[in-house]
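Working notes for the structure below.
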Amino acid sequence: MGTLHPQEWNDKLAAILSISQKMNSERDLGALLDLIAREATNVLLCDRASIFLLDREHNQLWSKVALGSNEILRFDATLGIAGRAATTGEAINVKDAYSHPQFYNAIDDRSGYRTRNVLAVAVRNQKGEIIGAFEALNKRVGAFNNRDEEFLDSLASHAAIAIENVQLIGELRRREDELAQHNAHLLREVESKYSTH
């Protein structure tokens with residue numbers, strides 16, 4: 001993590017390790033996204049953080065609107081600072097959001113929130129493919145710095161693994177449910193066939 005002092009280095013590593021342990025024990029995607037956002041805001045000392053996941057089929061980014069909310073926000077993956085991070089893979093650190101040409105203020109307009117500064121990084125899976133963007137808003141004091149970028153980038157790597165694991169578990173559960181329904185249907189057909197003879 002670059003130019004961190006040894007104690008800062010240890011604190012950041014301890015924070016990432018602690019957050020990773022929490023992430024790996026979560027099996028619900030919504031709860032996982034809330035956990036990651038909450039932990040990022042605590043460590044980065046900012047107002048908000050969100051993970052936007054990439055829906056390749058519709059070329060959209062989506063995320064929960066706020067911590068604890070079930071409302072889903074969807075927008076074109078090419079829009080905004082999160083969109084730029086997700087499409088280019090670059091870390092984007094904006095000190096004044098409203099003066100940045102990529103800033104997508106429709107979300108602020110809708111929510112009534114006022115974004116001052118933004119830090120966004122791409123979220124990449126283990127194959128290096130971009131699966132979304134991780135965005136932090138409004139550093140409480142000053143603006144986001146290089147250390148914040150490095151931390152968010154590192155946390156995004158760990159988050160990607162946890163997200164993919166939760167998605168795989170969800171897919172396995174769906175398939176297990178489908179198989180159980182199919183088996184129950186077959187059992188009813190067999191019982192019906194033999195009960196009539």
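General observations
- For Ala85: the one exception among (1) open to solvent by 10 Å² or more (accessible area, probe 1.4 Å); (2) in contact (Cβ under 8 Å) with a residue 40 or more places away in the chain: (1)
- From the list Arg110, Arg175, Arg114, the lone residue that is more than 30 Å from Ser18 (Cβ to Cβ), of a type outside the set (Val, Ile, Thr), open to solvent by 90 Å² or more (accessible area, probe 1.4 Å) and not in a helix (DSSP H, G or I) is Arg114.
- Only one of Glu150, Glu129 that is under 21 Å from Leu33 (Cβ atoms) and open to solvent by 60 Å² or more (accessible area, probe 1.4 Å): Glu129
- Tally, over the stretch 9-31, of residues that are loosely packed, with under 15 Cβ neighbours inside 10 Å and β-branched (Val, Ile, Thr): 0
- Filter pass, Ile163 being at pLDDT 90 or above and either touching a helix residue (DSSP H, G or I) at 6+ places or on another chain (Cβ under 8 Å) or open to solvent by 80 Å² or more (accessible area, probe 1.4 Å) (or both): no
- Matching option when the condition is out of contact with any Ser or Thr (no Cβ under 9 Å at 6 or more places or on another chain) and within 23 Å of Gly30 (Cβ to Cβ), among Asp153, Asp55, Asp148, Asp47: Asp55
- Top-ranked residue in the stretch 178-197 [being of a type in the set (S, T, N, Q) and within 30 Å of Asp28 (Cβ to Cβ); ranked as least open to solvent (accessible area, probe 1.4 Å)]: Asn183
- The numbered conditions (1) touching a strand residue (DSSP E or B) at 6+ places or on another chain (Cβ under 8 Å); (2) within 16 Å of Lys139 (Cβ to Cβ); (3) open to solvent by less than 50 Å² (accessible area, probe 1.4 Å); (4) touching a residue at least 60 places away in the same chain (Cβ under 8 Å) are all true for Arg48 except (3).
The values are calculated or read from the model by the stated rules, or taken from the named source; none is laboratory data. This one's a predicted model, so the numbers in the text were calculated from it and none came from an experiment. Cβ coordinates were reconstructed from backbone atoms using ideal geometry, including for glycine residues, and neighbour counts include every protein chain displayed. Ligands, DNA and RNA are excluded from the accessible area calculation, which covers all protein heavy atoms including side chains. Shrake-Rupley method; radii C 1.70, N 1.55, O 1.52, S 1.80 Å.
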